[in-house]
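Q: Before anything else, here's the structure in question.
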Amino acid sequence: MIDFYYWPTPNGHKTAIALEEFELDYRVKPINILMGDQHAAEFIAISPNNRVPAIVDHDGPGGKPHTVFESGAIFLYLCQKTGKFWPTDPVQQSVVTQWLFFQCANIGPMFGQCGHFRGYADEQVPYAIDRYSGEVQRLYGLIDRELATKKCIAGDDFGIADMTTYPWMIDQQQALHGVDIAKFPNVARWLADMEARPGVQRGMAVMGNDLKVGDPTEETRKAFFNRD
Ligand SMILES: N[C@@H](CCC(=O)N[C@@H](CS)C(=O)NCC(=O)O)C(=O)O
């Protein structure tokens, strides 16, 4: 059994999709990041960077519990644990790893900052909005070019690069990031393929798609934006 420390954000969704696609038994431990749960000492003991997602695998290596934070590390751990979505060919392993790291190091941080400055920041900062919106457009263009010749991000087979990237590009995120999907037809085709997968649908439905459960106070809001 895996304890899954989760909130319905893109990084949370992608890991929920993985747990479904890998067909693993898990139970959800909600961490309401808008109410400050990520700053609780018990959670920091599991996720030192006070971010979701994190997992505790009670059937870890050697039969002992094992904790993993950082979504990319969680994905590699699940591949190693199960052998699923992990190609046997070392070249393809390297390709998959590149696109996994690409998502964690580029799509996540840039899209995240774009969403912050466009949708959540208290003040409008035109330089930041332009900077991150431009990066999002560039990254959409990059993925659109890749998907012109491949069915999925790391090749023709669905895999962890698709699971990690998909929740960052759903309609709700496109609206937040100011993306016109008509400009990226290969991404649009791939999104439709992802949406058709039952594992993706189940992962996205784990806690729905609403970040806001409870009423954040000024104090929890400050904690969320790290101004405390
Ligand atoms: N590099 C981390 C990023 C995780 C992350 O940024 N999680 C966000 C939700 S998508 C979070 O927990 N935010 C809480 C906060 O900012 O206080 C990963 O890939 O796991």
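The values are calculated or read from the model by the stated rules, or taken from the named source; none is laboratory data. Given the structure is predicted, the values throughout are model-derived calculations rather than measurements. All Cβ positions, glycine included, derive from the backbone under ideal geometry; neighbour counts span all protein chains shown.
Q: Which residues, counting only those in segment 32-48, are modelled with pLDDT of 95 or more and either part of a strand (DSSP E or B) or touching a strand residue (DSSP E or B) at 6+ places or on another chain (Cβ under 9 Å) (or both)?
A: 43, 45, 46, 47, 48
Q: On the given criteria, is residue 14 assigned by TED's automatic domain parsing to the domain that holds residue 61 and more than 24 Å from residue 165 (Cβ to Cβ)?
A: The answer is no for residue 14.
Q: Hey, can you tell me all the residues within segment 1-31 that are in a loop (DSSP other than H, G, I, E, B) and over 23 Å from residue 80 (Cα atoms)?
A: 7, 8, 9, 31, listed by residue number.
Q: Of the conditions (1) free of Cβ contacts under 8 Å to residues at least 40 places away in the same chain; (2) within 23 Å of residue 146 (Cβ to Cβ); (3) of a type outside the set (S, T, N, Q), residue 95 satisfies every one except a single condition; which number is it?
A: With respect to (1) free of Cβ contacts under 8 Å to residues at least 40 places away in the same chain; (2) within 23 Å of residue 146 (Cβ to Cβ); (3) of a type outside the set (S, T, N, Q), residue 95 is out only on (1).
Q: Determine which member of the set 20, 70, 42 is out of contact with any Asp or Glu (no Cβ under 7 Å at 6 or more places or on another chain), among the acidic types (Asp, Glu) and at positive phi. Reasoning before the result, please.
A: Values: 20 fails: at positive phi; 42 fails: at positive phi.
Going through 20, 70, 42 in turn, just one is out of contact with any Asp or Glu (no Cβ under 7 Å at 6 or more places or on another chain), among the acidic types (Asp, Glu) and at positive phi: 70.
Q: Considering only segment 1-41, state which residues are charged (D, E, K, R) and either buried (at least 21 other Cβ atoms within 10 Å of the Cβ) or within 15 Å of the ligand (Cβ to nearest atom) (or both). Working first, answer last.
A: Quick first cut of segment 1-41, residues charged (D, E, K, R) only: 3, 14, 20-21, 23, 25, 27, 29, 37.
Selection gives 14, 20, 21, 29, 37.
Every residue, every condition in (1) β-branched (Val, Ile, Thr); (2) under 26 Å from residue 75 (Cα atoms); (3) assigned to a helix (DSSP H, G or I), yes or no:
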position	(1), (2), (3)
100	no, yes, yes
105	no, yes, yes
118	no, no, yes
124	no, no, no
131	no, no, yes
164	yes, yes, yes
173	no, yes, yes
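Q: Can you pull out every residue in segment 55-97 that is under 20 Å from residue 166 (Cβ atoms) and either within 16 Å of the ligand (Cβ to nearest atom) or acidic (Asp, Glu) (or both)?
A: 55, 70, 71, 72, 73, 74, 75, 76, 77, 78, 79, 97
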